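Report on one structure; see the data block that follows.
What follows is calculated from the coordinates using simple rules that are stated; it is not laboratory data. Because the structure is predicted, anything quoted here is derived from the model rather than measured. As a convention, Cβ positions derive from the backbone with ideal geometry for all residues, glycine included, and neighbour counts pool all protein chains shown.
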Amino acid sequence: MSVTLDGIGELAGLVEKPANWKKVYAIGYKSCSYDAAGKLPPKSEDLVARLTKANVVLSDTLLWWVAGGIDAIELIAKARCGKRIDRQRRDHRLLEHAVEISRLFRQLQLLADPA
């Protein structure tokens with residue numbers, strides 16, 4: 001990481017030091033977090049399995065961001081349809097949107113760090 005802003009050079013050294021990241025944890029939600037046995041709740045485990053089967057890369061983001069995005073898409077879809085859509089069709093549409101969101105994140109990542 002290179003820092004060019006004046007006055008934060010000291011922070012750059014802290015960010016670049018691996019030892020400072022040993023006990024850093026992401027904030028998440030219980031529905032998207034592993035329990036003491038290393039298991040996700042059944043609904044989230046099912047979601048991860050479906051996304052993995054659809055080749056959606058989850059290793060570069062937090063699960064709750066993906067789940068939140070799916071919830072937003074589902075909310076919009078329900079509002080637009082004005083009715084419940086069947087699960088299979090909904091899952092297919094959600095996976096299509098998740099793949100698109102993942103692709104957009106990768107594009108943004110490339111724009112942010114072209115090296």
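Overview of values
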| item | result |
| --- | --- |
| Förster radius 25 Å - calculated FRET efficiency between Ala54 and Tyr34, Cβ distance, rounded to 0.05 | 0.70 |
| Pairwise Cα inverse-distance average, inverted: Kirkwood Rh of the range 9-112 (Å) | 16.0 |
| Net dipole in debye of the range 9-112 [+1 Lys, Arg Cβ; -1 Asp, Glu Cβ; about Cα centre; nearest 20] | 420 |
